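Bear in mind these aren't lab numbers, they're just calculated from the coordinates by the rules spelled out. From a predicted model like this one, the values you see are computed outputs, not experimental measurements. Cβ placement follows ideal geometry from the backbone for every residue including glycine, while neighbour counts extend to all protein chains displayed.
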Amino acid sequence: MRIFYDTEFHDDGTTIDLISIGMVREDGTELYAVSSEFDQAAVRRHGWLMANVWPTLPTIEPARGERGLTRLDLAHPDVRPRAQIARLVADFIRSTPNPELWAYYSAYDHVALAQLFGPMSNLPAVGIPMQTDDLVTAAKLAGLTPHDLPKQADGHHNALADARHNLVMARHIDTVTSRTTR
């Protein structure tokens, strides 16, 4: 069964720091988690992340009379330590029959997922695919360009909304290629 996912992350050219991950299986089962450990200060210094990703996260305003910036709501149920996210992701994938990972421009997503477990060599040997298939490549093989794929109406850069949209794009590719079974 295919699992469509997306990650949001801060990339400084050396480190890919996971902000959030969203996963959707073909049967509709979902997982969403936001890291409690990403570098909020680095994200605040990154204009694109502040404009596009930060607004999708569970945040809280400073208390009345308190000085400061909006910050991640560490008490929100979607916000978790990386080790807990790694366990949730591993359980989600392992509970999927014959799991296949799929993402849109998947290279960084796979690295962000793999780094939940530490270096690539720590990726669990059983039950977690060692690679992620790419929707862009599947579209090309079907004779489509990224512009031929369905457009996402809202929720851009929320990892779960993006993962849901990845499923929509995959179904479109399936229709074009007349693929009826998986």
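Overview of results
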item: For the chain, size of Cβ-based charge dipole, Lys and Arg +1, Asp and Glu -1, in debye; result: 120 debye
item: Net charge contributed by nearby residues that have their C-beta within less than 12 Å of Val136 (K/R +1, D/E -1); result: -3
item: Equivalent ellipsoid semi-axes, the chain, via Cα gyration tensor eigenvalues times 5, rooted, Å; result: 29, 19, 15
item: Highest-fluctuation residue, Ser121, Ser36, Ser106 considered, GNM on the chain with Cα pairs under 10 Å; result: Ser121
item: Expected 222 nm ellipticity per residue - DSSP helices of 4 or more, -39500 (n - 2.57), all of the chain, to 500; result: -9000 deg cm²/dmol
item: Antiparallel %, DSSP beta bridges [both residues in the stretch 2-176], to 5; result: 70 percent
item: Under Karplus coefficients 6.51, -1.76 and 1.60, residue-wise ³J(HN,Hα) of the stretch 133-147 in Hz, glycine/proline x; result: 6, 10, 5, 5, 5, 4, 4, 4, 5, 8, x, 10, 9, x, 6
item: Listed residues Val43, Val126, Val24, most fluctuating in the chain (Gaussian network, C-alpha, under 10 Å); result: Val126
